[in-house]
Amino acid sequence: MSDPQTPGPLRVDGQLWFNRGEKGYLGGKRIELLEQIEATGSISRAAKQIKLSYKAAWDAVDAMNNLSERPLVVCSAGGAQGGGTRLTDFGREMLHVWRRMQTEYERFLAHVAQGVEQFDDIDRLLRAIAMKTSARNQFRGRITRVDKGAVNGSLTLDLGDDLNIVATLTNDSIDELQLAPGKSAMALIKASFVLLSPDPQVKISARNRLTGTICALIPGAVNCEVKLLLPGGRTLSAVVTLDSVSELGLATGQPCTALIKASHVIIAID
């Protein structure tokens, strides 16, 4: 049984609309309304079926009839067979044409999706954007190397544009997450774990060095958020004290290197 909280696969979707000039004519709820009028013979019952107010249903019918060269819906008063609302022959014809064109439209969208390169990567990217985490920095890449030691191991993630991130994690985590070269993964790094240096050659034990340009300084009461623009248009955030910003002489437009310990990198997979 699938988890209702787990989103399904990404797909290209859409619904066809017929327009008259700049005004919507047929599509969306209006199609549902016509289908229910045909099924129930009543605007009020049709409106209830699609959870539309009675007034909104009447307004939609009036709009469609006004935009059409011939009425789609007609109402009749009581008589031998009683009153009611029904689709005209032209209305049924337009509904049939819309259904056929919607089917062809869906086939076209499916064909478009098949022609999009790396469509699965787009799906994973959107899932990553929607993922809730306290880590300010999230970078997706492809695993290029996994090394195991006696207890812990290391993983190298290729972000593209000559950017790599090394993470240290337990062998159990490597096995549990089934991490292996070629697989896609996310590196999560809290902004408070990022050290900064104007000197890209500074000697420090941090395995990760990401050099970019300071694109923003956002001061607070005590700390300052520093944003680095990395190659490929990625942005990395660091939170340092205001004193550190002053002592290091950090300024917008200045080159700067982010230093991150491998043990401070969290690895996540879809």
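The values are calculated or read from the model by the stated rules, or taken from the named source; none is laboratory data. Owing to the predicted nature of the structure, the values given are computational and were not obtained by experimental measurement. Cβ coordinates were reconstructed from backbone atoms using ideal geometry, including for glycine residues, and neighbour counts include every protein chain displayed. Note: areas computed on protein heavy atoms with side chains; ligands, DNA, RNA excluded. Shrake-Rupley method; radii C 1.70, N 1.55, O 1.52, S 1.80 Å.
So here's what we get for this one:
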| quantity | calculated |
| --- | --- |
| Residue check, Ala262 surrounded by fewer than 18 Cβ atoms within 10 Å (Cβ to Cβ) and of a type in the set (A, V, I, L, M, F, W, C) | no |
| Complete set of residues in segment 181-204 that are part of a loop (DSSP other than H, G, I, E, B), touching a strand residue (DSSP E or B) at 6+ places or on another chain (Cβ under 9 Å) and not aliphatic (A, V, I, L, M) | Pro181, Gly182, Lys183, Lys190, Pro198, Asp199, Pro200, Gln201 |
| Conditions (1) in contact (Cβ under 8 Å) with a residue 40 or more places away in the chain; (2) open to solvent by 60 Å² or more (accessible area, probe 1.4 Å); number of the one not met by Val166 | (2) |
| Test for Leu195: is it surrounded by 13 or more Cβ atoms within 10 Å (Cβ to Cβ), touching a residue at least 40 places away in the same chain (Cβ under 8 Å) and among the hydrophobic types (A, V, I, L, M, F, W, C) | yes |
| Identity of the residue in segment 149-187, hydroxyl-bearing (Ser, Thr, Tyr) and farther than 13 Å from Ala268 by Cβ, that ends up modelled with the highest pLDDT | Thr156 |
| Checklist (1) modelled with pLDDT under 85; (2) of a type outside the set (Val, Ile, Thr); (3) over 22 Å from Arg20 (Cβ atoms) applied to Lys48, failing item | (1) |
